[in-house]
């Protein structure tokens, strides 16, 4: 008797898993009122008025009226949901710790979730799903402002870090990023600036806004020159040092059209601890950006899953049921595609 390989009935199996794949990745849209901005706050106690100001700033509370207890609890619950915290509606210790963390100043997606399945895949887009539109194959140029650099990192290291950061995204989508010396005509313009630098979003010095980026096809990627940028924490001992590559990877995601994710391990998650690194793309980042640009034909999904699994096991975190379910489904999809 002839035995069929489980992947032989490809149209049925792939269609079934494709539907589950889409359900697991229900995309959301954020309102692009301001450029994306990373901010950082020192570790300290957080008062109720400060919590309210935080919720106001990131879109959870209206700025018109002082919230009553019910509105405050509802806003805090939405914040907890978007940041992947336990939803209590109370200013518990985990929530206060999260509020103290460095984060992106861009407002979060605060609309109620309507995901068909409770998953951690929560990537979002800018309104209208803007993306770069060029002739295929898509090639984007980037350049650095030679007049606007940082004293903390050499130009050579800056170029190396951004080349690596662009490479992370290029490895999963059919887009090439090419460095050019011509800053004026480059698609993506990168520079370190201080204070009011002409884009309507002035930087505010140390421990304030770290960087800001605009949605496609703007291409401006600005970093605060006042911050202590680092490429090696063994060399840079400052307690407020910020990893340049981690911010670069995050901001390039915005340049490509992604908003914030509620997946804590995602590069597009809105917070980043000082003296910490988050330079690798999570499956949530990958699926989000691939839904905008398609898939790099050389993309190895099994390698990404192996990397995510080893990271989860290494840091001792528990892998929840839906994560196991998702990884299993995605691995099975990869096997089917490989045997297509």
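What follows is calculated from the coordinates using simple rules that are stated; it is not laboratory data. Computed from a predicted structure; not experimentally measured. Cβ atoms come from the backbone with ideal geometry, glycine included; neighbour counts cover every protein chain shown.
Computed quantities for the displayed model
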{"item": "Neighbour-count ranking [beta-carbon atoms within 10 angstrom, fewest first] of 79, 123, 142", "result": "142, 79, 123"}
{"item": "Ascending count of other beta-carbon atoms within 10 Å, so fewest first, for 136, 153", "result": "136, 153"}
{"item": "Rg over Rh [alpha-carbon atoms, Kirkwood Rh] for the stretch 124-300", "result": "0.94"}
{"item": "Highest average packing first - 242-248, 125-131, Cβ atoms within 10 Å", "result": "242-248, 125-131"}
{"item": "Relative packing of 225-238, 175-188, which averages over residues the other C-beta atoms within 10 Å, highest first", "result": "225-238, 175-188"}
